[in-house]
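The values are calculated or read from the model by the stated rules, or taken from the named source; none is laboratory data. From a predicted model like this one, the values you see are computed outputs, not experimental measurements. So basically every Cβ, Gly included, is an ideal-geometry build from the backbone, and we count neighbours across all protein chains shown. Accessible surface is based on the protein model in full, side chains and every heavy atom, while ligands, DNA and RNA are left aside. Shrake-Rupley method; radii C 1.70, N 1.55, O 1.52, S 1.80 Å.
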Amino acid sequence: MLKATNPTRPRSIDELLDARLVAQLSQLDVSSRKVFSGKLQGERRSKRKGQSVEFADHRQYAAGDDLRRLDWNIYARLDKLFTKLFLEEEDLSLHLVLDASASMDCGEPSKYLYAQRLAAALGYIGLFNLNRVALSAVGGQTAAVRESESANDAPASPLRALRDLRGRRRIHDLGAFLVNLDPSEAANFPDAARRIALSRRGRGVMVILSDFFFKDGYEEGLRILKGRGYDLFAIQLLSPQEVNPDLGGDLRLRDVEDKDVAEVTITAPLLKQYKKNLSAYVEQLRSFCARREITFMSVTTDTPIESLLLDYLRARGLLK
């Protein structure tokens with residue numbers, strides 16, 4: 001699978017999300033299989049009893065309860081004191097992790113462009129519904145570094161982050177972060193995962209968008225993130241050319257991340273073995289996630305993003 005040559009980069013959030021898709025996204029919300037306690041009062045009902053205005057239940061009065069919450073109607077009927085309980089509305093955080101390593105900058109449609117669009121869509125849904133949204137990019141380089149003379153010599157940062165976004169007015173901040181970051185070199189996923197774990201605020205839903213072709217492996221990074229209590233979703237993005245490569249003859253291949261060079265002769269048996277190895281790798285990743293209660297999906301970039309959001313991610317419980 002060959003690196004895209006001179007790929008067209010989006011320049012604004014409007015190029016990532018068209019008006020028709022935005023109208024569909026406005027009908028969705030982020031969901032979680034767990035109940036999380038946020039640091040801020042939000043608009044998400046939890047099963048925890050709190051101080052919102054929506055009545056939930058009664059319980060018998062105990063010394064120290066707020067007298068303003070006594071139900072005097074029940075007292076008049078039963079001559080007993082009961083306290084009103086209300087559903088508490090909690091803040092749900094959404095943390096998006098975008099793989100910006102060089103291997104993502106391949107395929108047609110580009111894996112990285114697909115990841116940018118998906119991150120923009122999920123971030124839009126979170127911000128539209130007043131959830132707390134954070135975005136972390138594993139690797140990558142900013143436009144300023146890319147355009148400088150020393151761009152080729154600048155090492156990729158292990159992590160770039162945008163945190164504590166809330167409200168619809170921050171959608172353009174999210175878009176600016178995405179369009180100003182280009183994939184670059186290899187990324188250290190375990191190191192980035194540690195930094196993300198240390199920056200965690202409360203609990204929430206985390207979505208990792210990656211091909212999971214990390215030189216250091218994916219196992220340690222996923223263990224670190226899962227250990228921090230996230231409701232974790234791992235979405236593997238593969239290009240159609242990776243799944244069914246259209247290559248043949250004698251080729252000299254260079255790794256886009258570590259620059260290793262290999263000379264190979266592409267034959268039918270070799271392609272068959274390649275597909276077998278790829279299938280085994282995906283299945284290994286799927287099994288690893290299943291054992292740790294990480295929701296896993298493998299998606300090719302020719303899948304319409306509307307179908308992924310409205311059908312597949314709804315079915316897997318990320319959206320509702």
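Inclusion of Ala193 among residues that are buried (at least 22 other Cβ atoms within 10 Å of the Cβ), more than 25 Å from Arg9 (Cα to Cα) and of a type in the set (Gly, Ala, Ser) is warranted. Of everything listed in (1) surrounded by 15 or more Cβ atoms within 10 Å (Cβ to Cβ); (2) over 21 Å from Ala134 (Cβ atoms), the single unmet condition for Asp255 is (1).
Give the residues of the range 220-264 that are in contact with an Asp or Glu (Cβ under 6 Å, 6 or more places away or on another chain) and farther than 19 Å from Ala187 by Cβ, sorted by residue number. Matches in the range 220-264: Pro240, Arg252. Would you check if there is a residue in the range 274-291 being modelled with pLDDT under 95 and open to solvent by less than 50 Å² (accessible area, probe 1.4 Å)? No, the range 274-291 has no match at all.
Screening the range 1-103 for strands (runs of 3 or more DSSP E) wholly inside it with 1 or more residues that are surrounded by 15 or more Cβ atoms within 10 Å (Cβ to Cβ) and modelled with pLDDT under 75 returns the ranges 41-60, 82-90. Consider the range 182-205 and keep the residues that are in contact with a strand residue (DSSP E or B) (Cβ under 7 Å, 6 or more places away or on another chain) and at pLDDT 90 or above. The one that is farthest from His95 (Cα to Cα) is Asp182. Yes or no: Arg170 in a helix (DSSP H, G or I), at pLDDT 90 or above and over 17 Å from the mean Cα position of the chain (by Cα)? Considered against the rule, which asks whether it is in a helix (DSSP H, G or I), at pLDDT 90 or above and over 17 Å from the mean Cα position of the chain (by Cα), Arg170 comes out as yes. Taking the criterion of being assigned to a helix (DSSP H, G or I) and crowded, with 20+ Cβ neighbours inside 10 Å, the residues of the range 173-189 that qualify are Leu174, Gly175, Phe177, Leu178, Phe189.
No other residue among Ile235, Ile224 is open to solvent by less than 50 Å² (accessible area, probe 1.4 Å) and touching a strand residue (DSSP E or B) at 6+ places or on another chain (Cβ under 8 Å) apart from Ile235. With respect to the stated conditions, Asp164 fails to be more than 16 Å from the chain's Cα centre (by Cα) and at pLDDT below 95.
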